[in-house]
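Note sheet for the following structure.
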Amino acid sequence: MGEYMQIRGLLQEGEKYAGLILGKEEPDYHLVLLPGEAADVSWPAAADWAAGHDGALPTRRELALLFANLRDAFERNWYWSSEPHATRIQLVWGQNFASGIQTIYGRPYRGHARAVRRINSA
């Protein structure tokens, strides 16, 4: 509980704490949803938008956590992830925040984007 309270104290205005991502091959880290949203953007534009807000597009695992813990902070739309499909690199994964399913779309598709930042766990 102490680390959670420390992380909450690090949040900047408008940020929301999403939860802990357990590392597989990397260390555990805390996920923070940044304020703001981009709408009707292609994947390259979404990635640029997130970087311009001092964040990154979330991974598929992070999108699943955001759907579970902060669903109300999202519109009921489809959001880009940072992850291209493993074998079909022209396609990129994303999360539908109306249904909860993850699907792939082509990079030119016009979706929504949110940015996250990561804080290493102690």
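Please treat every number below as a calculation from the coordinates, not as lab data. Everything numeric in this text was worked out from a predicted model, so none of it was measured. Every residue, glycine as well, gets a Cβ built from its backbone with ideal geometry; the counts of neighbours run over all protein chains shown.
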Inside region 24-57, can you point out the residues that are assigned to a loop (DSSP other than H, G, I, E, B) and free of Cβ contacts under 8 Å to residues at least 40 places away in the same chain? 24, 25, 26, 35
Scanning for something in contact with a strand residue (DSSP E or B) (Cβ under 7 Å, 6 or more places away or on another chain), assigned to a loop (DSSP other than H, G, I, E, B) and more than 19 Å from residue 15 (Cβ to Cβ), does region 91-102 turn up at least one residue? no
Test for residue 71: is it of a type in the set (Lys, Arg), surrounded by fewer than 17 Cβ atoms within 10 Å (Cβ to Cβ) and touching a strand residue (DSSP E or B) at 6+ places or on another chain (Cβ under 9 Å): no
Kindly provide the set of residues from region 79-105 that are polar (S, T, N, Q) and either touching a Ser or Thr at 6+ places or on another chain (Cβ under 9 Å) or touching a residue at least 40 places away in the same chain (Cβ under 8 Å) (or both), ordered by number. 81, 82, 95, 96, 102
